[in-house]
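The values are calculated or read from the model by the stated rules, or taken from the named source; none is laboratory data. Predicted, not measured: the structure shown is a model, and the values here were computed from it. Cβ placement follows ideal geometry from the backbone for every residue including glycine, while neighbour counts extend to all protein chains displayed.
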Amino acid sequence: MPESITITDNRSGTSIEIPIENGGIDAAEWRRFLPGVWFCDPGLATTAATTSSITELDGDNGVLRYRGYPIEQLAEQSSFLEVAYLLVHGELPTRAQHDEWVYEITHHTFVHDNFRKRIYDAFHYDAHPMGLLTSGVAALSTFYPEAKEIENPKIRMEQIVRLIAKMPTLAAAAYRHSQGQPYVFPDNLLGYPENFLNMMYRMGGEYEIHPVLGKAMEILLILHADHEQNCSTTAARVVGSSHADPYTSVAAACAALYGPRHGGANEAVINMLDEIGDYSDVDSFMKTVKSGENRLMGFGHRVYKNYDPRAKIIKKSAYDVFEVTGKNPRLDLALKIEEIATNDSYFIDRRLYPNVDFYSGLIYQSMGFPTEMFTVLFAIGRTPGWLAHWNEMMEQGSRIARPRQLYTGPEMRDFVPLSER
Ligand code: SDX
């Protein structure tokens, strides 16, 4: 059987055959054959917005690979900066490439002091850290005007290094601002996750980072590093397709991530568990989900119709963290929810399983992060993924994103002066 489809326009009786390649068909063939007839696909659930060689998901089998490497192996054996190199450059680094990459990122962690004095300090003390981060990333574009030279691969790579390096600094500063605490400068002697935790929590003297917590932070950053054409990555690509600079494109991605349907879900899970309150109330809450009154935050996924492989790794990592921090009291609620959902036809029929956000918040909370910081942590991890896709789009020479629509508004009508209305 040929790997193709045949389309017939019944109005004219003409047909064309279109090959199926890489699991998709070329919409340009459709456009040539049926001018003025558009696919209607709100939410882009059935649309491949691009070709990409960065990340592969197999939603039915719960598979996630970065540049062909299984997420389970990377989480276990790699480091976040090594994974960031892999996503951006396409291959695991040699020792020399790795050391140069880590050196460059380590030595670009500082932000201009005007940032603190004139940007973050302009926000209310209780401003949500995602508001500061999203604004801060956009503001970074004003410090590096050369970033507009997006056709220059060397300049693109310089901004990619700067953004990966500075996200933890901006994130920790957003937290310290909300606490009314002085900012902690980056410490170039610390590893990437440890430097972030130090900027978050150091108060005066030495700040000891438990190795288990440093490792858990590393694993969480790796697990969040990329996820193909998710909502925020799509936002980065769409904004980047207008040839905006990478800071502005990543700021758009941060804005998309902020929503509770996407990266804001980890914060929403904790709020949901707090709303349930008691173990004995889980059953009644699950009934409100099945009636449509509540959404089960941290469950469901556009692609995974099986257990999100990242959720499995995070759940295991949670037990390691709780050995150090003490068990998060909400864990039992979460486990009960999972037990009910994985045995109830409502959830099974809708293929709703725990996603990356269901258990991650429990770890973050036990590590001392306030819930408002959870999406910020997601953003730090996802930055290499956003930038890898932005860079891939630039290398592909993509056209500006400009979808069409099916117009359902009123026909042409003449204006009626106010005096006659
Ligand atoms: C992330 O895309 C990515 O890769 C994202 C991400 C990444 O790494 O970038 O993986 C990160 O965003 C994970 C998802 C985090 N969001 C949540 O946990 C919020 C809760 N989940 C949902 O809102 C929802 O599942 C989405 C947004 C994740 C997916 O939405 P879809 O694919 O549009 O699915 P849908 O809303 O069309 O739902 C299909 C059916 C519906 O039932 P019916 O109306 O057909 O009867 O499933 C139901 C929905 O009502 N449903 C849920 C549900 N999710 C879907 N019902 C209860 N609880 C849920 N969580």
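Of all residues in the range 277-302, those being surrounded by fewer than 21 Cβ atoms within 10 Å (Cβ to Cβ) and among the aliphatic types (A, V, I, L, M) number 2. Might you check whether a residue that is at pLDDT 95 or above and under 18 Å from the mean Cα position of the chain (by Cα) occurs anywhere in the range 87-102? The answer is yes, given that some residue of the range 87-102 is at pLDDT 95 or above and under 18 Å from the mean Cα position of the chain (by Cα).
The rows are residues; the columns are (1) within 10 Å of the ligand (Cβ to nearest atom); (2) without any contact (Cβ under 8 Å) to a residue 12 or more places away in the chain; (3) not aliphatic (A, V, I, L, M).
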position: L221; (1), (2), (3): no, no, no
position: Q229; (1), (2), (3): yes, no, yes
position: S249; (1), (2), (3): no, no, yes
position: L257; (1), (2), (3): yes, no, no
position: E267; (1), (2), (3): no, no, yes
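Yes/no matrix, rows are residues, columns are (1) without any contact (Cβ under 8 Å) to a residue 60 or more places away in the chain; (2) part of a helix (DSSP H, G or I):
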site	(1), (2)
A84	no, yes
V88	no, yes
L92	yes, no
V111	no, no
Y120	yes, yes
H124	yes, no
T134	no, yes
E146	yes, yes
K154	yes, yes
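Looking across the range 332-347, the residues that are modelled with pLDDT of 95 or more, farther than 15 Å from K287 by Cβ and not charged (D, E, K, R) come down to L333, A334, L335. In this structure, S291 does satisfy being within 16 Å of the ligand (Cβ to nearest atom), farther than 27 Å from N230 by Cβ and among the polar types (S, T, N, Q).
Kindly list the number of the only condition in (1) touching a helix residue (DSSP H, G or I) at 6+ places or on another chain (Cβ under 7 Å); (2) in a helix (DSSP H, G or I) that fails for Q73. Q73 satisfies all of (1) touching a helix residue (DSSP H, G or I) at 6+ places or on another chain (Cβ under 7 Å); (2) in a helix (DSSP H, G or I) except (1).
Among F285, F299, which is the only one that is near the ligand (Cβ under 7 Å from one of its atoms), touching a helix residue (DSSP H, G or I) at 6+ places or on another chain (Cβ under 8 Å) and either at pLDDT below 95 or at negative phi (or both)?
Only one candidate qualifies: F299.
Quick one: which residue in G59, G24 is touching a residue at least 60 places away in the same chain (Cβ under 8 Å) and either under 30 Å from L92 (Cα atoms) or away from the ligand (no atom under 13 Å from the Cβ) (or both)? Residue meeting the stated conditions: G59. Select from the range 331-363 the residues that are in contact (Cβ under 8 Å) with a residue 40 or more places away in the chain, away from the ligand (no atom under 15 Å from the Cβ) and of a type outside the set (D, E, K, R) and write down the one among them that is surrounded by the most Cβ atoms within 10 Å (Cβ to Cβ). Among them, the one singled out is I363.
Name every residue in the range 19-67 that is surrounded by 13 or more Cβ atoms within 10 Å (Cβ to Cβ) and acidic (D, E), in order of residue number. Selection gives E29, E56, D58.
For the range 231-247, the tally of residues that are more than 13 Å from the ligand (Cβ to nearest atom) and within 11 Å of the chain's Cα centre (by Cα) stands at 0. Within the range 70-82, being surrounded by 15 or more Cβ atoms within 10 Å (Cβ to Cβ) and either of a type outside the set (D, E, K, R) or on the phi > 0 side of the Ramachandran plot (or both) holds for I71, L74, A75, S78, S79, F80, L81. Checking each residue in the range 94-109 for being of a type outside the set (A, V, I, L, M) and assigned to a helix (DSSP H, G or I) picks out R95, Q97, H98, D99, E100, W101, Y103, E104, T106. Of the residues making up the range 302-330, those that are away from the ligand (no atom under 16 Å from the Cβ) and of a type in the set (S, T, Y) are S317, Y319, T325. For the range 338-368, the candidate set comprises residues that are aromatic (F, W, Y) and touching a Phe, Trp or Tyr at 6+ places or on another chain (Cβ under 8 Å); within that set, the residue that is nearest to P193 (Cα to Cα) is Y364.
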